[in-house]
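Novice: One structure, pasted below without further comment.
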Amino acid sequence: MDFIKYPWFQLPKIYLNNIEWPRFDIPKIGWSTMPKLRIGDAVARLPVVQGGMGVGISLSGLASAVANAGGIGIIAANSIGMLDPDYYAQNRDANAISLRREIRKTREKTSGIIGVNIMVAVNDFHSLLRVAIEEKVDLVFLGAGLPIKGIPVEGLRSAGVKVVPIVSSARAAGLIFRSWVKKYADIPDAVVVEGPKAGGHLGFKEDQIDDADFALENILPEVVAKIKRYEDEWRRTIPVIAAGGIYTGADIYNVFKLGARAVQLGTRFVATHECDADIRFKEAYISCRKDDIEIIKSPVGMLGRAIGNSFLKDVASGKKQSHKCAWQCLKSCDIKTAPYCISLALDNARKGVLDKGFVFAGSNAYRVDKIISVKELLKELKEQYLCAREKSICSLRGEYEKSLERLVSFKEEYLIALKEGLNSLRDEYERGIEKRGAFREELLKNMDKITPLKDEYRNALEKADLLKQELIEFFQRYSLQNRLEPESA
């Protein structure tokens, strides 16, 4: 604001010409793919991780198909030895033997990125982790517990194996990273944050599963913020991978807006031709309804999400299932009081023997209506993602253009008001200096009307500038991730 000086008071004059307008050339999206996923030196063409599903649901068939299609394929190590007819004779050694065999089978089928999912809670955790290191898998995903104690970090680094813990809260992520810094002077390479809509065992209490405060969209930004500190401090990119309830490409786009750089999917990959489970396991997904999916209490002391069936009804009624225990694979499992062996039940389900087992599934399993190939699934997700992204950027672009139109309107209104108000009063002032008091009062009233208009203009300007920055950041983020520059409009 400047001032025009008169003998007895000053007339304010507000200049708008020196305000920088937030206009810029809006680019259009010049690429037709999803952003890549980089974890250390491993770069996947698609930001999709196939979840590790045991017992025996995700083995070499599914993992290699996902890796070949550009995602990250995961072998589930949990009780994998049950694939071997000699499991009960070999006891705990069967898991390590079978895992090594499955990794090698997967390597024969793909040159893509593969990993192994290992439960921290199992008693042979370190044995399975050693196999993964010796076989030099690309990544290990560590869940069902905090991977803090006795992690062979030097061995993992020497073998080029990246570490990805699975957490259900920012608190757990922070605890893992702080402990790694203290114990190993290192940090994990990525993090999976799994929400309460996931299938299988859940890292939530019963009253948290349907609590909005614990929904993925709420815990994800908290984990992203926590990990960002370590990214800045260590100058590394540490992707946060969202999991639990993600079903469509639009879901993928939405969690990306919350800071995720990839997703982990389990349920969607079950209903594929390449999934290693029996066809009857897959058909349980296709035939289930929404109210068939329930929360169960696992014999290992955790809650889980599964498709209800006669086996689970018998368990709920108190009927104890006959079972044989090869060895105590989990410390938290008391075979004497357990109503059934969960590993055996899950292995029976894998083989399609559903009267002696049950099917773990995510909250969206009822939406599955057909079995397709992994390639078809990833193509569908990609197309849905691109559609959601285009709709979002078009909406943002339209909002930005409207804000600029509003700015033009504000400026015109302001200048008209300023010109008419001040010029008229100046003329009157020149003609009748003796009436200066009345004119001065009228002038100030006029200025009171003009000032809010100026403030409204500046608010609109600020909003437009924020929209501009959001658009710029959008294009910079996706250009960087894809190493492509967007085309000019």
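Novice: Put a dot 7 Å past each Cα toward the Cβ at Thr237 and Glu294; how far apart are the dots in nm?
Specialist: Placing both labels 7 Å beyond Cα along the Cβ direction yields 4.5 nm.
Novice: Greater than 21 Å separation of Cα atoms is the criterion. Which listed pairs, Lys290/Lys391; Lys109/Lys375; Lys290/Lys313; Lys320/Lys356; Lys282/Lys351, meet it?
Specialist: Values: Lys290/Lys391 29 Å; Lys109/Lys375 15 Å; Lys290/Lys313 17 Å; Lys320/Lys356 12 Å; Lys282/Lys351 11 Å.
Among Lys290/Lys391; Lys109/Lys375; Lys290/Lys313; Lys320/Lys356; Lys282/Lys351, the Cα-Cα distance tops 21 Å for Lys290/Lys391.
Novice: How large is the charge dipole for the range 37-372, taken about the Cα centre, if only the Cβ atoms of Lys, Arg (+1) and Asp, Glu (-1) carry charge, to the nearest 20 debye?
Specialist: 360 debye
Novice: Determine, for Ser317, Ser287, Ser58, the number of other Cβ atoms within 10 Å of each Cβ, and report the residues in order from fewest to most. Provide the component values of the computation, followed by the final result.
Specialist: Values: Ser317 7, Ser287 12, Ser58 26.
Least to most surrounded, the residues fall as Ser317, Ser287, Ser58.
Novice: Now for a separate question. At 0.36 nm per residue, and after removing the present C-alpha to C-alpha distance, how many nm does the segment from Glu380 to Asp84 gain when stretched out fully?
Specialist: Taking Glu380 through Asp84 to full extension adds about 103.0 nm, to one decimal.
Novice: If I model a spin label as a point 7 Å beyond the Cα along the Cα-Cβ vector, how far apart are those points for Lys319 and Glu154 in nm?
Specialist: 5.5 nm
Novice: Where does each of 80-87, 290-297 land if you order them by average Cβ count within 10 Å, highest first?
Specialist: On the way: 80-87: 20.0, 290-297: 14.2.
Packing proxy ranking, top to bottom: 80-87, 290-297.
None of the figures in this text is laboratory data; all of them are computed from the coordinates on show. In this text, all values refer to a predicted model and were calculated from it rather than measured experimentally. Glycine gets a Cβ as well: all are built from the backbone with ideal geometry, and neighbour counts include every protein chain shown.
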